[in-house]
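Okay, handing you the structure first.
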Amino acid sequence: MNKKIKFKLWHLLAVSALLIALFLPLPVYIDAPGAAQDTSSYVKVKGHRDNTPGKFMLVYVKQVKATPVTWVLSFANKYADRVPAQQEVGNYSDKEMQRIQTYYMSSSIAEAKYRSLTMAGADVKRRYIGLYVMSVLKDSNFADKLRVGDVVTRVNGKHYNNSYEYIQAIKQISPDQKVRLTYLRGKKQKNTAGKLIRLPNSSRHGLGITLTDRVKTSSDVPITANMEGIGGPSAGLMLTLQMYTQLSHKDLLRGRQVAGTGTIESDGSVGQIGGIEQKVVSANKAKAEIFFAPNNQKLGKQDNYLVAKKTAAEINSNMKIVPVKNVNQAVSYLQNNK
């Protein structure tokens with residue numbers, strides 16, 4: 001083999017190795033600090049423009065599929081997490097995961113609209129349609145019957161008004177009994193039945209299904225929230241604050257840069273989220289002065305507020321980390337603190 005051929009082979013091998021290192025997808029996702037975006041760029045309230053100085057910011061985690069190069073480089077970032085694909089997305093395809101995140105966001109927007117309109121004293125109606133099916137365990141008796149995106153509307157013939165009521169109703173059912181579910185697939189109503197299973201890492205029995213609320217909010221005040229490219233429920237609190245500020249015409253910001261995270265529940269409470277460390281880093285880079293973090297003391301050291309406070313100290317941030325259990329606490333803080 002002459003030198004020219006050897007050189008070409010080595011060159012081909014080197015290029016192949018480089019391409020593999022740069023583009024070969026690994027069964028791992030990298031979660032790293034993303035960005036902080038002005039919430040007003042997503043929310044439009046007809047007849048209620050946002051002219052106040054300052055801004056509310058929603059923060060998100062940047063998630064990418066790892067390659068050999070990005071996997072190695074991620075170790076240089078203290079706030080980058082490497083999560084096995086099975087843990088991150090289970091057996092779902094990228095398309096299915098995108099749908100799931102869209103369902104979460106749809107529910108979050110509906111609750112934000114209802115809560116902000118209610119707080120502003122506007123006429124608003126909320127219709128509880130049912131529960132989106134987000135995932136089904138392999139061992140569930142409904143594994144071959146329900147799909148992601150189906151909407152459960154009745155349990156044993158009864159419709160409930162929130163997910164808590166559904167969960168409580170299911171808890172009353174004996175594992176020996178069959179559970180009848182009525183659900184929507186698109187616009188078509190269907191029925192199925194099956195028994196409860198023992199839930200993993202628990203002594204409780206359940207359907208073996210992950211669910212989130214499907215709610216429809218209607219009002220004479222049109223509110224739109226174009227969240228293209230952002231999924232999940234964690235923007236709920238900041239969307240609610242943005243909508244409420246525009247509806248009420250109250251200057252809650254007073255020129256401040258306010259970031260935060262947390263789900264918004266049907267009663268106005270703020271729920272815990274994932275990736276709080278990355279979100280604190282993102283908010284700090286965006287020069288946020290205040291960061292609202294969900295607070296649940298029952299969670300101990302895993303509480304979002306405590307983790308956020310610790311992260312802010314680690315990065316020497318001057319942000320004020322503010323614990324909130326509900327949206328009213330966030331509003332009160334902004335009104336009563338300069």
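To keep it simple, each residue is scored yes or no on (1) touching a residue at least 12 places away in the same chain (Cβ under 8 Å); (2) of a type in the set (Asp, Glu); (3) open to solvent by 70 Å² or more (accessible area, probe 1.4 Å); (4) in contact with a Lys or Arg (Cβ under 6 Å, 6 or more places away or on another chain).
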site	(1), (2), (3), (4)
162	yes, no, no, no
172	no, no, yes, no
176	yes, yes, yes, no
187	no, no, yes, no
191	no, no, yes, no
194	yes, no, no, no
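Output the residues belonging to the stretch 61-75 that are in a helix (DSSP H, G or I) and of a type outside the set (A, V, I, L, M, F, W, C).
Residues satisfying the conditions are 68, 70, 74.
Oh, and also: So residue 127 passes all but one of these: (1) touching a Lys or Arg at 6+ places or on another chain (Cβ under 9 Å); (2) within 14 Å of residue 212 (Cβ to Cβ). Which condition number does it fail?
Unmet for residue 127, out of (1) touching a Lys or Arg at 6+ places or on another chain (Cβ under 9 Å); (2) within 14 Å of residue 212 (Cβ to Cβ): (2).
Residue 140: of a type in the set (Gly, Ala, Ser) and within 26 Å of the chain's Cα centre (by Cα), yes or no?
yes
In the stretch 285-317, what residues are out of contact with any helix residue (DSSP H, G or I) (no Cβ under 7 Å at 6 or more places or on another chain), of a type in the set (S, T, N, Q) and modelled with pLDDT of 95 or more?
316
So, one more: Could you list, in sequence order, the residues of the stretch 202-218 that are buried (at least 18 other Cβ atoms within 10 Å of the Cβ), within 30 Å of residue 116 (Cα to Cα) and not aliphatic (A, V, I, L, M)?
Selection gives 212, 213, 214, 217.
β-branched (Val, Ile, Thr), touching a Leu at 6+ places or on another chain (Cβ under 7 Å) and open to solvent by 30 Å² or more (accessible area, probe 1.4 Å) - does that describe any residue in the stretch 228-250?
Looking for residues that are β-branched (Val, Ile, Thr), touching a Leu at 6+ places or on another chain (Cβ under 7 Å) and open to solvent by 30 Å² or more (accessible area, probe 1.4 Å), one finds none in the stretch 228-250, hence no.
Filtering the stretch 323-338 down to residues that are touching a residue at least 60 places away in the same chain (Cβ under 8 Å) and closer than 14 Å to residue 256 by Cβ, which residue is surrounded by the fewest Cβ atoms within 10 Å (Cβ to Cβ)?
338
Pairs needed: first member in the stretch 226-247, of a type in the set (Phe, Trp, Tyr); second member anywhere, not in a loop (DSSP other than H, G, I, E, B); C-beta distance under 8 Å; at least 6 residues apart or different chains.
Between residues of the stretch 226-247 that are of a type in the set (Phe, Trp, Tyr) and residues that are not in a loop (DSSP other than H, G, I, E, B), the close pairs are 244/115; 244/116; 244/119; 244/327; 244/331.
Consider residue 158 against the criteria (1) out of contact with any helix residue (DSSP H, G or I) (no Cβ under 8 Å at 6 or more places or on another chain); (2) modelled with pLDDT of 90 or more: it satisfies all of them except one. Which criterion is unmet?
Of the numbered conditions (1) out of contact with any helix residue (DSSP H, G or I) (no Cβ under 8 Å at 6 or more places or on another chain); (2) modelled with pLDDT of 90 or more, the odd one out for residue 158 is (1).
Condition check ((1) within 17 Å of the chain's Cα centre (by Cα); (2) open to solvent by 90 Å² or more (accessible area, probe 1.4 Å)) across all residues:
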{"position": "34", "(1), (2)": "yes, no"}
{"position": "51", "(1), (2)": "no, yes"}
{"position": "94", "(1), (2)": "yes, yes"}
{"position": "104", "(1), (2)": "yes, no"}
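Additional query: Quick check, is residue 114 closer than 30 Å to residue 251 by Cα, modelled with pLDDT of 90 or more and either of a type in the set (Asp, Glu) or in contact with a strand residue (DSSP E or B) (Cβ under 9 Å, 6 or more places away or on another chain) (or both)?
yes
Right, here's the next one. Can you go through 318, 284 and tell me which one is assigned to a loop (DSSP other than H, G, I, E, B) and open to solvent by 40 Å² or more (accessible area, probe 1.4 Å)?
318
Scan the stretch 256-281 residue by residue and report those that are among the acidic types (Asp, Glu) and assigned to a helix (DSSP H, G or I).
Listed by number, the list holds a single entry, 277.
Go over the candidates 148, 136, 124, 83 one by one and state the one that is in contact (Cβ under 8 Å) with a residue 12 or more places away in the chain, under 30 Å from residue 220 (Cβ atoms), of a type in the set (A, V, I, L, M) and open to solvent by less than 50 Å² (accessible area, probe 1.4 Å).
Among 148, 136, 124, 83, only 124 is in contact (Cβ under 8 Å) with a residue 12 or more places away in the chain, under 30 Å from residue 220 (Cβ atoms), of a type in the set (A, V, I, L, M) and open to solvent by less than 50 Å² (accessible area, probe 1.4 Å).
The values are calculated or read from the model by the stated rules, or taken from the named source; none is laboratory data. Predicted model only: the values in this text are computed from it and were never measured. Here the Cβ is made from the backbone with ideal geometry for all residues, glycine too, and neighbour counts use every protein chain on show. The area values use the complete protein model at the heavy-atom level, side chains included, leaving out ligands, DNA and RNA. Shrake-Rupley method; radii C 1.70, N 1.55, O 1.52, S 1.80 Å.
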